[in-house]
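Student: Sharing a structure here in structure tokens format.
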Amino acid sequence: TRRCLCISIIALLALGVVGAVIGFTVTFGLPPPTPVNRFCVTSGNQTGFLCDDRVTCLPASQICNRIRECVNGEDEQEKLCNDLPSNLPGYLIFRCSNPVYWIYADQKCNGANDCGDCSDEKGTCNCPPCGTQWWRCTPVFFEYCSCIPRALCQDRIQHCSDWSDEYACNR
């Protein structure tokens, strides 16, 4: 009958379309997933990693630390963490002046010598003033970058390049 013929033709056309889609997918592959933008700024005004909930923004140093801070664990995914720092987005890392070394972006300009050569505390850093328990100077050792603890003042050991820790600084 004509009705069966029409249904058969429609079914064959539908199967042909499905077959064409499958053939196209097998031949050319699935389109790559759209990359998720995970850049965010933390409440402490630092570069962060946005969790899937689109609310939680983790500081860069909490990514790939073996602790799942995001509800779905996307901060500890193997594809992100198996080849550090290569697999991390560039905004989450800072390369020290020695390119072999790197730190997380939120460790830059934090007053500590995380790179070992103070390159993370120079350049674009707007370093906060030294607190009351600190003395501002150019240290001779790289443990500190722009301030030393006042406990090191007048201890008969040079900590500042101009010796101000021994002559001008008071504990």
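Student: Express in whole angstrom the spacing between the alpha-carbon centres of the range 138-171 and the range 50-118.
Tutor: 32
Student: Let me ask something else. Determine one quarter of the surface area of the Cα convex hull of the chain, which equals its mean projected area, and express it in nm² to one decimal.
Tutor: One quarter of the hull surface, i.e. the mean projection, equals 16.3 nm².
Student: If you don't mind, another one. Springs between alpha-carbon atoms under 10 Å, Gaussian network over the chain: tell me which of T138, T27, T42 tops the mean-square fluctuations.
Tutor: T27
Student: Where Lys and Arg each count +1 and Asp and Glu each count -1, what net charge lies around I103 among other residues with Cβ under 14 Å from its Cβ?
Tutor: Working: positive: R95, K108, K122; negative: D106, D114, D117, D120, E121.
My count for the surroundings of I103 gives -2.
Student: Any chance you could give the angle, 0 to 90 degrees and rounded to 10, that helix 2-28 forms with the longest Cα principal axis of the chain?
Tutor: 30
Student: Starting from the Cα-Cα distance between D83 and I22, subtract it from 0.36 nm times their residue separation and give me the gain in nm to one decimal.
Tutor: Details: separation 61, 0.36 × 61 = 21.96 nm, distance 3.43 nm.
Working it through step by step, the gained length comes to 18.5 nm.
Student: May I pose another question? With every protein chain present, what is the per residue accessible area of the range 7-105 (1.4 Å probe, Å²)?
Tutor: On the way: 6800 Å² over 99 residues.
Here the per-residue accessible area is 69 Å².
Student: Related question: Give me the percent of accessible area attributable to carbon and sulfur for the range 34-82, probe 1.4 angstrom.
Tutor: Numbers: 1460 of 3150 Å².
The C+S portion of the solvent-accessible surface of the range 34-82 is 46 percent.
Student: Using 1/(1 + (r/R0)^6) with R0 = 30 angstrom and r between the beta carbons of N98 and N65, what's the FRET efficiency to the nearest 0.05? Don't skip to the answer; put the middle values down first.
Tutor: Working: r = 23 Å, r/R0 = 0.77.
In this case the efficiency is close to 0.85.
The values are calculated or read from the model by the stated rules, or taken from the named source; none is laboratory data. Only a predicted model underlies this, so the values are computations on that prediction, with no experimental measurement involved. We place every Cβ from the backbone using ideal geometry, glycine too, and count neighbours over all the protein chains shown. Only protein heavy atoms, including side chains, enter the accessible area calculation; ligands, DNA and RNA are left aside. Shrake-Rupley method; radii C 1.70, N 1.55, O 1.52, S 1.80 Å.
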